[in-house]
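The values are calculated or read from the model by the stated rules, or taken from the named source; none is laboratory data. Bear in mind that the values here come from a model prediction, so they are computed numbers and not experimental data. No Cβ is skipped: glycine too gets one built from the backbone with ideal geometry, and neighbour counts run over all protein chains shown.
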Amino acid sequence: MEQAIAQPKQSSAGRSIILIIGLLLILGLGVVMAVNLQTIESTELQDQPAPEFTLPLFDQFEEEKISLSDLRGQVVVVNFWASWCVECYKEAALLEQAWQDYKDQGVMFIGVDYLDTPKEALAYMAQYGITYPSGPDIGDKISKDYAITGVPETFFIDKDGKIVHVQIGPINQPQLYGLLDQLVAQPSKGT
């Protein structure tokens, strides 16, 4: 007589654990795929038309908002910053000085405050004497459109509205002034 070989019974708790582990692996894979679905990085915007935006400005500015489209024909420097960003402190005074040196040459600076509180942002601007138009990126829409990788990140836009340089991290004085001199000297293709 043949004896039946006893098969060990798998407990329902063991099956549940295996199921949970499997679901976590699938969920983890989904998260990794979703993160990698970002279609562009900020540097890929170079030589492309700058995404249009309207930025509400902090209260100390005369205007309530500023639109990129209203600045066509000027060189525009868009700087993404935050008061909590240590690297932003390294370039804050330089950006203000460049604004003072170039604003009468058809150059506009715009500060886009990223993931910050108004109180801290205004304190940062006061500390560094920032006078160029700045405002909060409400809902992170502008930073998403520009696909920033962090702060500071600065976009140089020519007179025709094309991004000609993307600076990730703080910029130094020779590079900043060199880019501005080059952009100011270039004629607009639209004229």
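Values computed for the structure shown
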| read-out | value |
| --- | --- |
| Qualifying residues in the range 108-119 (those that are surrounded by fewer than 18 Cβ atoms within 10 Å (Cβ to Cβ) and not polar (S, T, N, Q)) - the one nearest to residue 146 (Cα to Cα) | 115 |
| The range 120-148, residues that are surrounded by 14 or more Cβ atoms within 10 Å (Cβ to Cβ) and not in a helix (DSSP H, G or I) | 130, 131, 132, 133, 134, 135, 136, 137, 146, 147, 148 |
| Sole residue being surrounded by fewer than 20 Cβ atoms within 10 Å (Cβ to Cβ), at pLDDT 95 or above and touching a helix residue (DSSP H, G or I) at 6+ places or on another chain (Cβ under 8 Å), chosen from 175, 105, 100, 182 | 105 |
| Test: residue in the range 4-12 that is exposed (fewer than 15 other Cβ atoms within 10 Å of the Cβ), modelled with pLDDT under 95 and not in a loop (DSSP other than H, G, I, E, B) | yes |
| Flag if residue 100 is free of Cβ contacts under 8 Å to residues at least 40 places away in the same chain, under 21 Å from residue 179 (Cβ atoms) and part of a helix (DSSP H, G or I) | yes |
| Candidate set from the range 149-167 (those that are in contact with a strand residue (DSSP E or B) (Cβ under 7 Å, 6 or more places away or on another chain) and surrounded by fewer than 17 Cβ atoms within 10 Å (Cβ to Cβ)); member that is nearest to residue 116 (Cα to Cα) | 149 |
| Residues of the range 85-136 satisfying the condition of being among the hydrophobic types (A, V, I, L, M, F, W, C), touching a Leu at 6+ places or on another chain (Cβ under 9 Å) and within 17 Å of residue 66 (Cβ to Cβ) | 95, 107, 108, 109, 110, 112, 130 |
| Those residues of the range 89-103 which are among the charged types (D, E, K, R) and under 21 Å from residue 120 (Cβ atoms), in sequence order | 90, 91, 96 |
| Answer residue from the range 166-191, given it is touching a residue at least 24 places away in the same chain (Cβ under 8 Å) and over 17 Å from residue 91 (Cα atoms) and is nearest to the chain's Cα centre (by Cα) among those | 183 |
